[in-house]
Amino acid sequence: MSESNTSQVKIGKELYGYQKDALQEIFNRFETAPQDYHLLYQLPTGGGKTVIFSEIVRRYIETFKKKVLVLTHRIELSKQTSRMLDEFGVNNKIINSTAQLDDQSDYYCFVAMVETLKNRLIDDKLDISDIGLVIVDEAHYNSFTKIFKFFDGAFVLGVTATPLSSNIKLPMFENYQELFVGEPIHHLIESGYLAQANMYSYNVGLTSLEVGANGDYTVKSSEDLYMNTDMLSKLVSAYEETAKGKKTLIFNNGINTSIQVFHAFKKAGYPIAHLDNTNTRKERELILKWFHKTPNAIITSVSILTTGFDEPSIEAIILNRATKSLTLYYQMIGRGSRIFGEKNTFEVIDLGNNFHRFGPWGADLDWQKMFRAPDYYLDAILSDEEIENTFRYEFPGDIKKEFEKSTDTYFDMKKVYIDTVKAGESSKRVLEKSIVHHAKMCIENSEDVFDALILVKLIGEEIDDRINRYAKCISKSTHNFVTWLKDDYRKKLNAYLRTNFDEDFEKIHGHPPIEE
C-alpha cells in the first residue's frame, strides 16, 4: 500500500478497490439509515479492516462534523488503532484508566477499551453528547453491548471477520439490524491480496475432551490430551513432514501444553520460543523481534497471538488444539494469510479435527444465514464422535515404512462386525479376524517371530483404534471393559504369532523362514 500526501498532510494509505467499494456502501447507510442504526460489517482477517475504518473515521468527521468513538477489547488493539488513525491524519486520544480528560474538546476521535470506557461513563467523566459514530472492533466478542445504552442516538458500526457471537446466549442479530458481507476470502486469494492455505489434517481422538461453560473445550481436558507423549511426538512429526524450516506459529489451549511443546522442539534441535500472557511487555517484544528476523523460527503460544498480531512472514500455522469456535479457527489460520514477498501460500497443520468441524479455511460460508440463525449453524456442526466415526486410521510415516511390504493395512471394523453378525457368528469372531489380519501384516514384514513381536509393539495406537471402534459396535464401552479388551487383544495377537508364525510365513512367502 502506498501513502499519499496532500499539502504535506499525511492522509493515510491508498485503499484497494474492494475497500473503496465497502467504504461507499457504509457511507450510503450513514446517509440513508436512521441515526441510531446498528450495522455489522464482515471482512476476513487480512482484508484490512483497520485501514477501512480509519478512513471511515477521517471521512465521517470531515463530512458530518461529529465525533467518533472506536471500541476495542484489548489495550494492544487500542494502541494499534490509534497509530493507524494517526497515519490517516485523525487527531485521536486513547481513553485508558490514567488518561486526563480535561482536553477532550481538542479531539474528534477517541479510542477506548470497553471496560475502561464503561467506568469513565459511569463516573460521568466523558462528554459523549456529540458522538455520532461508534465503531466496534472485533464485534463478535459482544461484550460491548453493555455500553450501547449510553449511545442511543449514535450510528453503531461493528466490524468482524466472523459474524457469530462468542456468547451463544447473545446472538449478533439482537444488537445489529443488518449484516454487510465484505469481499470473501477466495476472492481476496484470487486477486492476490491473501495467501492460499494448504491444509493438512491429522486425525486425533478427542472424545476425552470436555466442554466448559463458555462452550469451548476446557483447558484442563485439553492439557491432559495434548501434553501426553504420543501427542507431542505426533506434533513434532507433523512439523517435520510439512513445515520443517518454515517460520511457524503453534497455537495451544493451555500454558502448560505450550511449555511442553517448547521443550519437545528444543530437544529435537529446533529454534523455538514460548509466549503467553504472563510474559512482560519487554519479553514479548524481544521474542517477537527474534521471530521476525529468524527465517526458521517457531513460536508456541496460547491464544495471545490470535488478534492484534501481524507478522506477514509466517509460513506455517499449527493448530495444536481443538476449538468449537469458528471465530477462533479463522483467527488462528488468518495469522498466516498475509502476502509477503514471494510468499503466496502457507501451510496449516490441524491437530484438533477443526478442519472436519468447520470445513476448509476460506470455504464459501453463508454469513447472512449464520447471522440470522446462529443456532441453525451451531446445531449442524458435527460432534467429535461423529467426526471420528468417519476417520480411517493412518499409520504415521515412520511406522508406515515398517509395513511397506503389506498392500492391505486397513481393517474396516464396522463392516466386518455387520457382516459377521449377519452371518450368525459371535461378535467375538470379529476380534479373531482382526488379530489374523494384524498377524498377517506383521509376518509379511518380518524375517522371524521375534521381528513380528517387535512390530506388534509399534502398532499399539492402531490396535487401540480398532478396539474403540469394536466397543462402539457392541455398544459396550465402559472404561474398564475397553482397557481390558485392549490388553487381552495384545496377548492373543502375541500368542497367535508364537503359535502360527512358521506356518503363516510359508503360506505368505512360499517358503519356510530361513533359520540361521
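The values are calculated or read from the model by the stated rules, or taken from the named source; none is laboratory data. Keep in mind the model is a prediction, meaning the values are calculated, not measured. Cβ atoms come from the backbone with ideal geometry, glycine included; neighbour counts cover every protein chain shown.
Going through region 365-405 one residue at a time, which ones are of a type in the set (Asp, Glu), surrounded by 11 or more Cβ atoms within 10 Å (Cβ to Cβ) and closer than 17 Å to Gly215 by Cβ?
Of everything in region 365-405, just one residue is of a type in the set (Asp, Glu), surrounded by 11 or more Cβ atoms within 10 Å (Cβ to Cβ) and closer than 17 Å to Gly215 by Cβ, namely Asp384.
Where in region 2-89 are there strands (runs of 3 or more DSSP E), lying wholly inside it, with at least 1 residues that are of a type outside the set (Phe, Trp, Tyr) and at pLDDT below 90?
3-6, 9-13, 67-72
Restricted to region 289-302, and to residues that are surrounded by fewer than 17 Cβ atoms within 10 Å (Cβ to Cβ) and of a type outside the set (D, E, K, R), which residue is farthest from Tyr200 (Cα to Cα)?
Top of the filtered list is Trp290.
Can you work out which of the residues in region 136-150 that are without any contact (Cβ under 8 Å) to a residue 60 or more places away in the chain and of a type outside the set (A, V, I, L, M, F, W, C) is surrounded by the fewest Cβ atoms within 10 Å (Cβ to Cβ)?
Filtering first and then ranking leaves Lys149.
Inside region 402-516, counting only helices (runs of 4 or more DSSP H) that do not spill past its ends, which hold 2 or more residues that are over 18 Å from Arg392 (Cα atoms) and out of contact with any Asp or Glu (no Cβ under 9 Å at 6 or more places or on another chain)?
Values: elements: 413-422, 428-444, 449-458, 460-473, 479-509.
So the answer is 413-422, 428-444, 449-458, 479-509.
For region 127-161, how many residues are of a type in the set (Asp, Glu) and more than 21 Å from the chain's Cα centre (by Cα)?
Matching residues across region 127-161 total 3.
Only one residue in Lys415, Lys433, Lys422, Lys428 is under 21 Å from Tyr496 (Cβ atoms), over 32 Å from the mean Cα position of the chain (by Cα), at pLDDT 90 or above and surrounded by fewer than 15 Cβ atoms within 10 Å (Cβ to Cβ), so which one is that?
Result: Lys428 is the single residue among Lys415, Lys433, Lys422, Lys428 that is under 21 Å from Tyr496 (Cβ atoms), over 32 Å from the mean Cα position of the chain (by Cα), at pLDDT 90 or above and surrounded by fewer than 15 Cβ atoms within 10 Å (Cβ to Cβ).
Which of the residues that make up region 245-269 are touching a residue at least 24 places away in the same chain (Cβ under 8 Å) and in a loop (DSSP other than H, G, I, E, B)?
The answer is Gly245, Lys246, Lys247, Asn252, Asn253, Gly254, Ala268.
Taking the condition surrounded by fewer than 15 Cβ atoms within 10 Å (Cβ to Cβ), under 23 Å from Ala316 (Cα atoms) and over 14 Å from the mean Cα position of the chain (by Cα), does Glu342 pass?
yes
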